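First up is the structure itself, then whatever we jot down about it.
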């Protein structure tokens, strides 16, 4: 006899669409036993042998509903023990070649394991299951880039301080160049998307040359100014900086840019600063830290809005669309919400920043 709750549990199991068939059969046997049906009648109704019904009737009588569950079976003992599995994981982490390829193939790991006596034999699929169980993917590589600059934290913190609030009576401009912008024209028209079908594009294209975009972003008001040139030279950058000086004729101007050689020409920028009354202060991002420069966020928006999946029939059209993009941004300029406060310095004291009202809650552009 089963309790009312046990009967409800078995009925829910039978109605469940994802239940295993063997569990459903056992539940039906249990309910029919509870209803008083004979073993032969249950076997005919469920479609199993009389011995099977008798087996589960006995288990149910002795253990209740727990008797319907599977009993742990010993099975064949493991041919590859835990220590060998750890050695296989270690072999998979070794480079394929000392001065060459880094990621070994499964076949190479299998061969290496047999040669070193870790296992007598192992199949490729068995090794793959062991690696998956160990959450190890030796074929995958994720790149990273560190900065060798010893003043990395201090430089980043100084730039973040400028982003949070400009010094009184000054502006902060983020400047950089985007080079190699290709004016590419698609040789054939695209096939438009349709329900169940993505847009199709012919691979062939016509190259009409390249352009370099030099741009400056006012990090606190969002205003952007830029210039398209055929090349990126010191003269081109100097001409653009003269435009910046005309756009900001008064007050101190803080320039944030990277360590490009044209940015590091001290004699050129000293002379430029003399001509403009020493109003310009240059701040260099650490090596390999372009993410600190906010203009890179704008370049990302520009690439997605103007360049991605675009077809430009000439350099003139590329320039026109680039200038239209900047003009549209300046119609209602919005600054990026920069929330990264900086790094804690190794002084034992926690870094405390003064948060201002103009600091937002996200780092993405709007």
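Scanning segment 118-169 for residues that are in contact with a strand residue (DSSP E or B) (Cβ under 8 Å, 6 or more places away or on another chain) and not in a loop (DSSP other than H, G, I, E, B) yields 155, 158, 159, 162, 163. Being under 23 Å from residue 165 (Cβ atoms) and out of contact with any helix residue (DSSP H, G or I) (no Cβ under 6 Å at 6 or more places or on another chain) holds for only one residue in 278, 288, and it is 278. For residue 249, the criteria (1) touching a strand residue (DSSP E or B) at 6+ places or on another chain (Cβ under 6 Å); (2) closer than 28 Å to residue 169 by Cβ hold in every case but one, which is (1).
Take segment 91-111 and flag every residue that is within 23 Å of residue 135 (Cβ to Cβ) and outside any helix (DSSP H, G or I). Within segment 91-111, 94, 95, 96, 101, 102, 103, 104, 105 qualify.
For the condition at pLDDT 90 or above and closer than 30 Å to residue 308 by Cβ, residue 125 does not qualify. Would you mind stating whether residue 114 is without any contact (Cβ under 8 Å) to a residue 40 or more places away in the chain, assigned to a helix (DSSP H, G or I), more than 30 Å from residue 293 (Cβ to Cβ) and touching a helix residue (DSSP H, G or I) at 6+ places or on another chain (Cβ under 7 Å)? Considered against the rule, which asks whether it is without any contact (Cβ under 8 Å) to a residue 40 or more places away in the chain, assigned to a helix (DSSP H, G or I), more than 30 Å from residue 293 (Cβ to Cβ) and touching a helix residue (DSSP H, G or I) at 6+ places or on another chain (Cβ under 7 Å), residue 114 comes out as no.
For segment 209-219, taking the residues that are in contact with a helix residue (DSSP H, G or I) (Cβ under 8 Å, 6 or more places away or on another chain) and surrounded by 18 or more Cβ atoms within 10 Å (Cβ to Cβ), the one that is farthest from residue 186 (Cα to Cα) is identified as 219. If the condition is being outside any helix (DSSP H, G or I) and surrounded by fewer than 17 Cβ atoms within 10 Å (Cβ to Cβ), then segment 284-317 contributes 287, 288, 308, 309, 310, 311, 313, 314. Residues that are over 30 Å from residue 258 (Cβ atoms), outside any strand (DSSP E or B) and touching a residue at least 12 places away in the same chain (Cβ under 8 Å) were ranked within segment 200-226; the one that is nearest to the chain's Cα centre (by Cα) is 201. Determine, yes or no, whether residue 96 is in contact with a helix residue (DSSP H, G or I) (Cβ under 9 Å, 6 or more places away or on another chain) and touching a residue at least 40 places away in the same chain (Cβ under 8 Å). Answer is no for this residue.
Residues satisfying the criterion are present in segment 208-217 (criterion: within 12 Å of residue 311 (Cα to Cα) and modelled with pLDDT of 90 or more).
The set of residues in segment 243-278 that are over 37 Å from the mean Cα position of the chain (by Cα) and surrounded by 13 or more Cβ atoms within 10 Å (Cβ to Cβ) comprises 243, 245, 247, 248, 252, 268, 269, 272, 273, 276.
In segment 318-358, the residue that is modelled with the lowest pLDDT out of those that are closer than 23 Å to residue 225 by Cα and assigned to a loop (DSSP other than H, G, I, E, B) is 358. Note on segment 25-37: residues that are over 13 Å from residue 65 (Cα atoms) and either in contact with a helix residue (DSSP H, G or I) (Cβ under 9 Å, 6 or more places away or on another chain) or touching a residue at least 60 places away in the same chain (Cβ under 8 Å) (or both) amount to 3.
The values are calculated or read from the model by the stated rules, or taken from the named source; none is laboratory data. Being a predicted model, the structure only gives us computed values, none of them experimental. Because the Cβ atoms are built from the backbone with ideal geometry, glycine has one as well, and the counts that use them run over all protein chains shown.
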